[in-house]
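Here the structure comes first, spelled out in structure tokens, and everything after it is commentary.
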Number of protein chains: 4
Amino acid sequence: MNFASDNAGPMHPQVLDAVIRANDGTQMPYGADTIMDGVKARVREIFEAPEAAVYLVATGTAANALALATYANPWDAIFCHRTSHTEKDECGAPEFYAGGAKLKLVDGSDGKMTPTALEASMAETGGSVHGVQTGPVSITQVTELGTLYTTTEIGDLAEVAKSHGANVHLDGARFANAMSRLNCSAADMTWRAGVDAVSFGGTKNGCAGVEAVILFDPDKAWEFELRRKRGAHLFSKHRFLSGQMEGYLKDDLWLDLARKANANSDQLAAGLRGIDNARLLHEPQANMIFAELPRAAHRRAKAAGAQYYVTSPGATLDGPDETPLTCRLVCDWSKTEDQIDQLLSLFRG
Amino acid sequence: MNFASDNAGPMHPQVLDAVIRANDGTQMPYGADTIMDGVKARVREIFEAPEAAVYLVATGTAANALALATYANPWDAIFCHRTSHTEKDECGAPEFYAGGAKLKLVDGSDGKMTPTALEASMAETGGSVHGVQTGPVSITQVTELGTLYTTTEIGDLAEVAKSHGANVHLDGARFANAMSRLNCSAADMTWRAGVDAVSFGGTKNGCAGVEAVILFDPDKAWEFELRRKRGAHLFSKHRFLSGQMEGYLKDDLWLDLARKANANSDQLAAGLRGIDNARLLHEPQANMIFAELPRAAHRRAKAAGAQYYVTSPGATLDGPDETPLTCRLVCDWSKTEDQIDQLLSLFRG
Amino acid sequence: MNFASDNAGPMHPQVLDAVIRANDGTQMPYGADTIMDGVKARVREIFEAPEAAVYLVATGTAANALALATYANPWDAIFCHRTSHTEKDECGAPEFYAGGAKLKLVDGSDGKMTPTALEASMAETGGSVHGVQTGPVSITQVTELGTLYTTTEIGDLAEVAKSHGANVHLDGARFANAMSRLNCSAADMTWRAGVDAVSFGGTKNGCAGVEAVILFDPDKAWEFELRRKRGAHLFSKHRFLSGQMEGYLKDDLWLDLARKANANSDQLAAGLRGIDNARLLHEPQANMIFAELPRAAHRRAKAAGAQYYVTSPGATLDGPDETPLTCRLVCDWSKTEDQIDQLLSLFRG
Amino acid sequence: MNFASDNAGPMHPQVLDAVIRANDGTQMPYGADTIMDGVKARVREIFEAPEAAVYLVATGTAANALALATYANPWDAIFCHRTSHTEKDECGAPEFYAGGAKLKLVDGSDGKMTPTALEASMAETGGSVHGVQTGPVSITQVTELGTLYTTTEIGDLAEVAKSHGANVHLDGARFANAMSRLNCSAADMTWRAGVDAVSFGGTKNGCAGVEAVILFDPDKAWEFELRRKRGAHLFSKHRFLSGQMEGYLKDDLWLDLARKANANSDQLAAGLRGIDNARLLHEPQANMIFAELPRAAHRRAKAAGAQYYVTSPGATLDGPDETPLTCRLVCDWSKTEDQIDQLLSLFRG
């Protein structure tokens, strides 16, 4: 019963099979493997972007930091939500890769920047030499609070960015979860809404460690390649990245797995709604739930071996039963109906 | 017939099996997987270093750059051979990770620094605020020219380093090839000779993409962890790194594969020695050969589909048959006797 | 009538005389001039800190950025007020010098961090490898809003910092203005309150371009020297920095000039209080006033050649007379009673 | 008797007078002072470059590092002579400012790169993603060994650079010494020969601390301004930089002082040539001499208080009288005939 993260689950068998196939014989290194040709073609097809530059790296932080560094000068601000992964969970990787750029934190409820807040923040940069200049905007979709931007909302933020001459990056570590829920196309959620670069996640959704970076305007492609190599993120045996991504994209597995993860989360959310004293902190829109439950519920679940993060600062399992403690519960495709029921049953007591 | 690099070959079945096993069920992320416990214990046992800090990353450049950055201040020189991978093949990753440190290039024949040249180079740094200060020494073993330092030679270089208060790093992308040839222990080739940190390669020797970084003095362990995370090299599904390394170390597979790669290279070198107009540029000591062959020999081999790098600057296959052109030929464990014979036969014409 | 900044005024004659004296004959470069010996001794005496390391640079941003970089790792957060000079007016110099550290913005009214807000912000860093770690706290005294921390308030912030193992930096670009107003000793406002490093400003208070950096614990002195040189802030003809500082400190000129600047500001503030429709935004405590005046008042002043910054975002002098527009008015020691009266009279209309 | 460096001498009275004039009244800060208008116009006139961007900083290292960073990507090589100031005497400032770029050291006798050596070095960069890319070339004129490139030689190096698409920087810390000796125009020695950016020194030639950076193509001007500010090199009381430069350029003082410094050096070199057992290591072409003299000669000079650097590694004044020890002797404009005679007389014994 591991609900700690969608990075706790295994590769899907179809991805594993592709890795095993990728292992056959010899391949030229550093992205010159023959599998990558198919991956590029398929990504361009999915995104309806025949000119896009497509690259693979092994971690989501690498995808984000390299993409942002490619669009930000060292003296720029990068605009992101206060709760974004780039700000909270990357140990300053964007600052490192972008040569000391500054993350400007934008507000908005439920983990979502508002166009008004973004405009106010962007208006504070640039103009004179004294402050930092106006760099790219990074949108996290699914947000770190499990909520979603609509494609219109993404377009509104991109419009603010464009009015300042800034590029737009989409951190899509959970791209598939968002897209399958919004029931839109990959293009709708990205370049049609004004997005210039995407981190397209595979790791959390059935892969072992692979993320695509897609640059719709290939002008920055060579710079990205240099940054990837210099950042030590260019795999020599690149075919194992290509292989994962091939298996992931084939027959729309990526969307199937995301739908399954979202459905698992829906089942869990529905169950939580039926528990006395349980409360959802945000309306879950993908595969991630933030909930409040009495300490006794957590104690039962943890005692039975359930794994997930209790997020109340400084909270321990010792103390009054009734104290409400918040937690994060994440489902990937591999959770079973039974596991979810079991967790709910422990919470119910 | 791919002799381009030891990164052109597949995972060994035992490594692949370990990856498949690692895929079972759920695991806590970011290095907290249960497989890693065994990996750490095994590495410490192999190195007879019970206190060593042991980390995994996916690329050799990451291993080198992170290890060097951990021991070098931004205002330091890092000392390495003029032909080292860190200098020639990492697009400035050491400089990037170490915040702008300077690589000082040390001379010596056959890709090996001499103590005298190292001493002269180190003596030029430090002392006043005007020049860069005296940072770590990085020794490449196997060298980029396919030669080896004896353990005594490593010790002599380390002694020079220590006399300047500097740490010693060993770039062991081909650690196993060196160790099996020298017939020494891992400890002999590292800490007993004065080495403080090792990049211990797996990728080129039967893995998909995994390298261990071993810090014999764990004082810098936490800094290394922060640098790894900030560099975006901490895998969420870390178990796939642990799994590879587990399969690689089990039953001394790593040494068996290195012995096989070296033996393959011996077979190839012996064959080359018997070819008229062929010449070995350095005495091959591990699994990498630099040779000179007439253009006609290259033309025949390439026409038959052989893959390897012709290294004469600006060379093409067009031109007089007799012109000698240099090349690099690398064997991993997966080369067969037949493939080697076939290449030799093409060279012979 | 230049009230734009305290950097708009000239050197005080006593400082200029010292520069002229410093020009005599030859001097060894890079801080080895004989004048610097006296400067170091005098600074240590003023701060009652006989062991302190004392360095000179030419700009306040250099003093701040070098001092903060000396105490912050690249993966650290630096804590400062949302309105601080380091955050708003240095084009990311602290991030540049500290290798990509993150400025965490702390709240508090009147430009002053509160201990509670600082504690909350510091509690968010460190602990795991995922977020940035807990670096130094930077206190701006005089604040960028013209207000002052009491020595007790500085001590309270330092106590929060120390409880997190963090160092404390004081950005004293207007150190003398603060100290003379608080009527405390230099030691009281710094190390006795828990401050580890000070940017001690001269430029805005009668010098041409000189700031001292004082490190009470000399352990970091050599690192600071290397950072200063590497940052290109070590003057070859250092005697001209030493000369300025010598003239500045002699016979307590620095305090006399600050008192005069503060008194000038008091005169201006008193006058503004007597103007209908004028309003002070913060209680001015040193030599900097933020005020609101009707557009007509600004129009009259500007038409007569008064120089100062109108700070209402996007404000122009065109529009209804009554619209209140905010401005910043700064006095240095060189303002005369007449100039201040003249400005007030223009405001009054 | 200070022959240690041309940074040991004072401001020329005309420069000091200009500083005193610059101190009058108030001035807008950060380069918006009225004096700077005249400086820009005069520099453009001198360089016959009406479109050039002209900036002032206080140190030569800042001028070099900022100019190079403006033309080098972090993943680029910067090409310079093995003995250049950028390589030997800036504690890695170019690497720091350029985000970790790599200095590639080019050979050539007498401190001068040869086109052949430059071509060989540039040919090693770029092409693939594995090595660093081809960045700017930095030419030191006067070289660090006191020799000069002819304008033709500069043009030849620039031609090599241009053939690789690279920009050319000229480190002219001793620009005036070179130009007055070559008897050419400023344009001849720079943009007409293919130079894109110049560090134009004032500090060593009669100023207190001011260098101009001249970018002939103003496209990079804004980036340079941001880098200067972010590097903490934008002076608030910029008028004191402008003032120095105004005094320096007025009535060709800069050339007069350089001629005087060169003539002083000629006198000293002529004297040295007449001393038994003295030897000039390079033919001095500007104001800097490298000579070998018996230890006894150094002992006499030092005992009499002469200041200069003995450059033989590890040399001390104790030991056999006859041992030849090398030294560097630098003249600025302020040396007198008597001082030079006195030094020579001490050397003669």
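Tabulated data for the structure shown
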{"read-out": "All-pairs alpha carbon distance profile, the stretch D:257-348, 10 Å steps from 0, percent", "value": "18, 54, 25, 3"}
{"read-out": "Farthest toward positive dipole pole in chain D [+1 Lys/Arg, -1 Asp/Glu at C-beta], among D:THR134, D:HIS298, D:MET288", "value": "D:HIS298"}
{"read-out": "Anisotropy class of chain C from Cα gyration tensor, a/c 1.5 cut", "value": "oblate"}
{"read-out": "Taking the stretch C:257-348 and dividing mean pair separation by its residue count, relative contact order in percent (alpha carbons under 8 Å, at least six apart)", "value": "39 percent"}
{"read-out": "Cα centroid of the stretch B:285-337 to Cα centroid of the stretch A:214-245, whole Å", "value": "28 Å"}
{"read-out": "Contact order normalised by residue count of the stretch C:86-137, Cα under 8 Å, 6+ apart, percent", "value": "19 percent"}
{"read-out": "Ranked packing of C:315-323, A:293-301, A:209-217, A:89-97, most packed first, by mean Cβ within 10 Å", "value": "A:89-97, A:209-217, A:293-301, C:315-323"}
{"read-out": "Enclosed volume per residue, in Å³, of the convex hull spanned by Cα atoms of the protein assembly as shown", "value": "185 Å³"}
{"read-out": "Two-site FRET efficiency, C:HIS130 against A:THR316, from Cβ-Cβ distance with R₀ of 25 Å, rounded to 0.05", "value": "0.75"}
{"read-out": "Computed magnitude of the charge dipole of the stretch C:12-253 (debye, nearest 20; Cβ of K, R +1, Cβ of D, E -1)", "value": "520 debye"}
{"read-out": "For the stretch A:108-160: relative contact order, % (alpha-carbon pairs under 8 angstrom, 6 or more apart)", "value": "43 percent"}
{"read-out": "Inverse mean reciprocal Cα-Cα distance (Kirkwood Rh) of the stretch B:53-105, Å", "value": "11.0 Å"}
{"read-out": "Stokes-Einstein D for the stretch C:155-215, Kirkwood Rh over Cα pairs, 25 °C, 0.890 mPa s (µm²/s)", "value": "204 µm²/s"}
{"read-out": "Pairwise centroid distance, computed over Cα atoms, of the stretch C:128-183 with the stretch B:62-104, Å", "value": "36 Å"}
{"read-out": "Label-point separation in nm, D:LEU280 to A:GLN267, each point 7 Å along Cα→Cβ", "value": "9.1 nm"}
{"read-out": "Out-of-range pairs (alpha-carbon distance over 20 Å; input A:LYS335/B:LYS237; D:LYS220/D:LYS250; C:LYS88/C:LYS220)", "value": "D:LYS220/D:LYS250; C:LYS88/C:LYS220"}
{"read-out": "Descending semi-axes in Å of the stretch B:30-154, equivalent ellipsoid built from Cα gyration tensor", "value": "28, 19, 14"}
{"read-out": "Pairwise label distance in nanometres, B:THR336 with D:ARG21, each label 7 Å out on the Cα-Cβ vector", "value": "8.8 nm"}
{"read-out": "The stretch A:98-250: equivalent-ellipsoid semi-axes (sqrt of 5 x gyration tensor eigenvalues, Cα, Å)", "value": "27, 21, 13"}
{"read-out": "Volume of the Cα convex hull of the stretch C:310-349, divided per residue and given in Å³", "value": "79 Å³"}
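No value in this document is a laboratory result; all are computed from the given coordinates. Fair warning: this is a prediction, and the values are worked out from it, not measured in the lab. Virtual Cβ from ideal backbone geometry, glycine too; neighbours counted across all protein chains shown.
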